[in-house]
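Novice: Input: one structure, supplied below.
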Amino acid sequence: MTWNALRPLIAGNWKMNGSRAMTRTLIGDLTARAAARPDLKAELLLCPPAPYLALAAELTRGGTIIIGAQDCHVVAAGAHTGDVSAEMLADCGVRHVILGHSERRAEHQESSAMVSAKAHAAIAAGLGAIICVGETLAERESGETLAVVEAQLEASVPAEAVADQLVVAYEPVWAIGTGRTPSPGDVQSVHAHLRKLLMAWFQDGGDIRLLYGGSVKASNAPQFLGLTEVNGALVGGASLKADEFWSIAVAA
Ligand code: PGA
């Protein structure tokens, strides 16, 4: 299989937003739309905050929408107050986990080595690991983008990963939640570089989905999702609105 045969993944990262009521409403709305469109090309993944994961998994059971978490611990169980393991997520019906998001790298000092250990734990638990990489504005302006994302990817991806357990999301830090986005050409060149690396490191590197994330919304989604090396989107703010998220899904 090659990139152009990959099923696009549209992932909604709710971040620290939502409630039980909002989880019910948004999932109910999206489930109804997905049921009416069995031909939808994209796979839909929703990543609510940890307290709503079990409810979200319950609400989507038997349907086509799948549920992801936003983080996991590096070990399966033990004395780690406040943490959640990949095993627990899998037990609750979660299928993927976002790892190394720039907000976690910045707010929780997560290193790429820690991201790799978390990805190892996620894969061992049977989850897909969505590994995020991306440069800061200063790094972009000094021409370091490709070197930065390459170093992050190399240190964040566990060597034993196989394509169907791994997704990579390119999210420029300066594009997250800002309304600013790179040009499609810039996204294409980063994704082409990431693809080249994955192909060199993994026998099935062509099967790993590469998502773009950072201020994706209904109006700009087609310009990114139409790029040959873009296999989906990681959507933050726009994933909290059913109309916006659905429009992005349909654009894939
Ligand atoms: P945004 O967030 O779409 O609100 O920019 C994307 C992300 O952080 O995954």
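The values are calculated or read from the model by the stated rules, or taken from the named source; none is laboratory data. Fair warning: this is a prediction, and the values are worked out from it, not measured in the lab. Because the Cβ atoms are built from the backbone with ideal geometry, glycine has one as well, and the counts that use them run over all protein chains shown.
Novice: I need a count of the residues in segment 208-222 that are away from the ligand (no atom under 15 Å from the Cβ) and either modelled with pLDDT under 95 or more than 17 Å from the chain's Cα centre (by Cα) (or both).
Specialist: Counting residues in segment 208-222 that are away from the ligand (no atom under 15 Å from the Cβ) and either modelled with pLDDT under 95 or more than 17 Å from the chain's Cα centre (by Cα) (or both) gives 1.
Novice: Out of all the residues in segment 26-36, which are free of Cβ contacts under 8 Å to residues at least 60 places away in the same chain and over 20 Å from the mean Cα position of the chain (by Cα)?
Specialist: GLY28, ALA32, ALA35, ALA36
Novice: Further, regarding this structure: Check off (1) crowded, with 18+ Cβ neighbours inside 10 Å; (2) touching a residue at least 24 places away in the same chain (Cβ under 8 Å); (3) more than 16 Å from VAL235 (Cβ to Cβ); (4) not aromatic (Phe, Trp, Tyr) for MET88 and give me the number that stays unchecked.
Specialist: Here MET88 clears every test but (2).
Novice: Within the bounds of segment 94-116, is there any residue that is closer than 23 Å to LEU55 by Cα, surrounded by fewer than 19 Cβ atoms within 10 Å (Cβ to Cβ) and at pLDDT 95 or above?
Specialist: Among the residues of segment 94-116, at least one is closer than 23 Å to LEU55 by Cα, surrounded by fewer than 19 Cβ atoms within 10 Å (Cβ to Cβ) and at pLDDT 95 or above, which makes the answer yes.
Novice: Of the residues that sit in segment 223-252 and are of a type in the set (Gly, Ala, Ser) and more than 11 Å from the ligand (Cβ to nearest atom), which one is surrounded by the fewest Cβ atoms within 10 Å (Cβ to Cβ)?
Specialist: So the residue we want is GLY226.
Novice: Search segment 179-206 for residues that are under 16 Å from VAL148 (Cβ atoms) and pair each with any residue that is assigned to a helix (DSSP H, G or I) and of a type in the set (Phe, Trp, Tyr) when their beta-carbon atoms are under 7 Å apart and the residues are at least 6 apart or on different chains.
Specialist: Close Cβ pairs (under 7 Å, with a partner that is assigned to a helix (DSSP H, G or I) and of a type in the set (Phe, Trp, Tyr)) amount to VAL187/PHE224.
Okay, residues lined up against (1) in contact with a helix residue (DSSP H, G or I) (Cβ under 7 Å, 6 or more places away or on another chain); (2) of a type in the set (Phe, Trp, Tyr); (3) in a loop (DSSP other than H, G, I, E, B):
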site	(1), (2), (3)
TRP174	yes, yes, no
THR178	no, no, yes
LEU194	yes, no, no
GLY206	yes, no, no
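Novice: Among the residues of segment 155-169, is there at least one that is within 20 Å of HIS96 (Cα to Cα), surrounded by 15 or more Cβ atoms within 10 Å (Cβ to Cβ) and within 12 Å of the ligand (Cβ to nearest atom)?
Specialist: Within segment 155-169 (the criterion being within 20 Å of HIS96 (Cα to Cα), surrounded by 15 or more Cβ atoms within 10 Å (Cβ to Cβ) and within 12 Å of the ligand (Cβ to nearest atom)), the answer is yes, since at least one residue qualifies.
Novice: Could you give me the residue pairs with C-beta distances under 9 Å whose first residue belongs to segment 92-115 and is within 19 Å of ARG209 (Cα to Cα), whose second residue is among the charged types (D, E, K, R) and more than 15 Å from the ligand (Cβ to nearest atom) wherever it lies, and which are 6+ apart or on separate chains?
Specialist: VAL97/LYS118; LEU99/LYS118; GLY100/LYS118
Novice: Continuing with the same structure: Which residue pairs have Cβ atoms under 9 Å apart, sit 6 or more places apart or on different chains, and have a first residue in segment 69-84 that is free of Cβ contacts under 8 Å to residues at least 40 places away in the same chain and surrounded by 11 or more Cβ atoms within 10 Å (Cβ to Cβ) and a second that is assigned to a loop (DSSP other than H, G, I, E, B) and among the acidic types (Asp, Glu)?
Specialist: Listed pairs, sorted by first residue: ASP83/ASP71; VAL84/ASP71.
Novice: Which one is farthest from the ligand (Cβ to nearest atom), of the residues in segment 73-128 that are among the hydroxyl-bearing types (Ser, Thr, Tyr) and in contact with a Cys (Cβ under 8 Å, 6 or more places away or on another chain)?
Specialist: Among them, the one singled out is SER85.
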